[in-house]
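A.B. asks: Let me give you the structure first, and then I'll get to my questions.
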Amino acid sequence: MHSSDRDRIVLATVVFAVLFSQLLLYPGIADLVEALGAGATTSPLTSTTLDASMWFLVAEFAAYVVFVGFWGIASDATGKRTPFIVASALGGSAGYAALALIGAFASLSFGAVLVLRAFQGAMTVGALSLTMTMLMDLEGGHGRNMGAAGIAIGLGAAMGAPVGGQLTAVDPLAPLAVAALLLGLVGLLVTLATDRAPSTRRRASAILEGVRRRPTLSIPYAFGFIDRLTAGFFALVGTLYFQATFEVDAATTGLLLACFFAPFALLQYPMGALSDRIGRTIPIVVGSLCYGVGILAVGAAPTVTLAAAMMVVVGVLGALISPATMALVTDLAADGERGLAMAGFNLAGSLGFLGGFLIGGTVASQYGYSLAFLVVGGLEIAIAIVAAPAFVRLSLGQGSLSLRGRDV
C-alpha cells in the first residue's frame, strides 16, 4: 500500500473517532444535562430541558469558534501538525472524563459545567481541524482526500448517534466515559501517520495576511456555515422534535439520525471523487438547493416512516455537497496556509452549528417546530441562490482549478 493511501486511512480513522465521540452525547442530551445538574438550580440557562441542552451544545461550539484559529496558526507557523493533534486529543479526553466524574461524584453549578464543556471543546477542535489539514496535505486529489474526511465525519456521526442512544439507556454519563477513552486513543493513533506539513516556518501575521488575500475562500466558508447550521439544527431541535412529535425514545431517535448520517457517510468518498471529475459548482450549488427542500420535507412528514425516508434523501444530498465544499478550500488555499484555511472553514462550520442550536432552538421554543424547519430549510435555499453568481464567476475565472478540481 502506498504511504499516502495508508495515511489517508489512519487520518480518516482519527476524524471518525473524534466525530463518533462527539455524536455519542446527542441522542440522550436531555438525560445528560439532567445528570450534570441542569435541574438542580433555577437559572435562565436551565429553565427548560431544551434550554439546558442548547447551552450545553453551544458551550462546545463557542469554544470551537474561539480556538480553532489558534490551532491552525500554530501548526502553519511551526510546520508541524502531529504534536498539536496529540496535545488537543489528550486535552479533549481529559475534558470528557472530568464531565463524567462530576456527574457521578461531584455537585457543581450548571454554569461551571458549561465552563468545563467549553474547555473540552477548545481542546477537541484542534484534533479535528488539524487532522483534516493533514488530509489536505496528502497527494491523490483534493476531492478524494476530502471525501475520506467526509466519510469519516459521516460514519462517526452515523454510528455515534445510535450507539450513544444505547449507551444512554444504560447510563446517561456512559457516552462521556466512552468519548474520553476514544480521544485518548486518537492521541496515539495519529502518530502512525507521516506529518507532511510544509516545513517552512512563518510568522503568524504572514499566514493571516496570506489567507486574507484570498477572499474567494469566503465562498466555501459560506456554504460550510449553512450546511453545518442544518446539522446543528438536526442534532438539537431534530432530536427533540422526533421525540415530541412521534413519541420515540433516545435509542429510536439515534436510529432516525442515522438515517441521515449513514448515506451521508457512505457516499462521501465517491461524491468527492465525482467533484474531482465534474467540478465543484453542480455538487455545491444545485445540491444545496435540493438539500434545503429536503429539510422542509422532513418537517412536513406526517409519520415517522416518511420522516426517516426523507432523512435518507437529505443524507444523500449532504454527501453530494460536503466533500466538494471542503475540496474547494483545498483548491484555493496556498500550501503553507492550509492549517489556517481549514481552521477558517471549521470556524465557519462551528458558527453554523451555533446558529443551528441558537436559531433552531430559539424559534422552536418560542414558535414551534414547524416554523423552525421552515426557517432553517429556507436559509439553506437562500444561501445557494445568493452565492450562486459568485460561485459561477469563480469557476469561470479559475479554469481547471474549480471546474475540474485537479491538484494545482
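The values are calculated or read from the model by the stated rules, or taken from the named source; none is laboratory data. Computed from a predicted model, the values in this text were never measured in an experiment. When we count neighbours, we look across all protein chains shown, and the Cβ atoms used for this are built from the backbone with ideal geometry, even at glycine. Each accessible area value is taken on the protein alone, full model and side chains, heavy atoms only, with ligands, DNA and RNA left out. Shrake-Rupley method; radii C 1.70, N 1.55, O 1.52, S 1.80 Å.
A.B. asks: Let me confirm something: among Ala89, Ala62, which residue is of a type in the set (A, V, I, L, M, F, W, C) and open to solvent by less than 20 Å² (accessible area, probe 1.4 Å)?
C.D. replies: Ala89
A.B. asks: Out of Ile359, Ile295, Ile321, Ile284, I need the residue that is buried (at least 24 other Cβ atoms within 10 Å of the Cβ) and under 21 Å from Gln243 (Cβ atoms). Which one?
C.D. replies: Ile295
A.B. asks: Just one of Met326, Met310 is free of Cβ contacts under 8 Å to residues at least 24 places away in the same chain and aliphatic (A, V, I, L, M); which is it?
C.D. replies: Matching residue, one of Met326, Met310: Met310.
A.B. asks: Sticking with this structure for a sec: Quick one: count up the residues across segment 103-137 that are open to solvent by 20 Å² or more (accessible area, probe 1.4 Å), in contact with a Ser or Thr (Cβ under 7 Å, 6 or more places away or on another chain) and at pLDDT 85 or above.
C.D. replies: Counting residues in segment 103-137 that are open to solvent by 20 Å² or more (accessible area, probe 1.4 Å), in contact with a Ser or Thr (Cβ under 7 Å, 6 or more places away or on another chain) and at pLDDT 85 or above gives 1.
A.B. asks: Somewhere in segment 45-56, is a residue among the hydroxyl-bearing types (Ser, Thr, Tyr) and touching a Leu at 6+ places or on another chain (Cβ under 9 Å)?
C.D. replies: Scanning segment 45-56, I find at least one residue that is among the hydroxyl-bearing types (Ser, Thr, Tyr) and touching a Leu at 6+ places or on another chain (Cβ under 9 Å), so the answer is yes.
A.B. asks: Which of the residues belonging to segment 333-356 are aliphatic (A, V, I, L, M) and either open to solvent by less than 10 Å² (accessible area, probe 1.4 Å) or under 15 Å from the mean Cα position of the chain (by Cα) (or both)?
C.D. replies: If the condition is that a residue be aliphatic (A, V, I, L, M) and either open to solvent by less than 10 Å² (accessible area, probe 1.4 Å) or under 15 Å from the mean Cα position of the chain (by Cα) (or both), then Ala341, Met342, Ala343, Leu347, Ala348, Leu351, Leu354 are the ones that fit.
A.B. asks: Something else: Hey, can you tell me all the residues within segment 261-281 that are open to solvent by less than 10 Å² (accessible area, probe 1.4 Å) and of a type outside the set (Gly, Ala, Ser)?
C.D. replies: Once the filter is applied, which keeps residues that are open to solvent by less than 10 Å² (accessible area, probe 1.4 Å) and of a type outside the set (Gly, Ala, Ser), segment 261-281 yields Gln268, Arg280.
A.B. asks: Identify all residues within segment 16-31 that are closer than 12 Å to Phe56 by Cβ and in a helix (DSSP H, G or I); write none if there are none.
C.D. replies: Listed by number, the residues that qualify are Ile29, Ala30, Asp31.
A.B. asks: Could you check how many residues of segment 138-163 are more than 22 Å from Pro27 (Cα to Cα), open to solvent by 20 Å² or more (accessible area, probe 1.4 Å) and of a type outside the set (Lys, Arg)?
C.D. replies: Residues in segment 138-163 being more than 22 Å from Pro27 (Cα to Cα), open to solvent by 20 Å² or more (accessible area, probe 1.4 Å) and of a type outside the set (Lys, Arg): 2 in total.
A.B. asks: If I ask for residues that are free of Cβ contacts under 8 Å to residues at least 12 places away in the same chain and farther than 16 Å from Arg196 by Cα, which ones from segment 71-113 would you list?
C.D. replies: Leu101, Phe105, Ala106, Ala112
A.B. asks: Kindly establish whether Ser75 is closer than 20 Å to Leu185 by Cα and surrounded by 20 or more Cβ atoms within 10 Å (Cβ to Cβ).
C.D. replies: Criteria not met by Ser75.
A.B. asks: I would also like to ask the following. Among the residues in segment 150-163, are any in contact with a helix residue (DSSP H, G or I) (Cβ under 7 Å, 6 or more places away or on another chain), modelled with pLDDT under 95 and closer than 19 Å to Ala104 by Cα?
C.D. replies: no
A.B. asks: Condition first: assigned to a helix (DSSP H, G or I) and either at pLDDT 80 or above or in contact with a Lys or Arg (Cβ under 9 Å, 6 or more places away or on another chain) (or both). Now tell me which residues in segment 328-341 satisfy that.
C.D. replies: If the condition is that a residue be assigned to a helix (DSSP H, G or I) and either at pLDDT 80 or above or in contact with a Lys or Arg (Cβ under 9 Å, 6 or more places away or on another chain) (or both), then Leu328, Val329, Thr330, Asp331, Leu332, Gly336, Glu337, Gly339, Ala341 are the ones that fit.
A.B. asks: Scan segment 199-224 for residues that are closer than 25 Å to Ala12 by Cβ, surrounded by fewer than 24 Cβ atoms within 10 Å (Cβ to Cβ) and at pLDDT 75 or above and jot them down.
C.D. replies: Within segment 199-224, Leu217, Tyr221 qualify.
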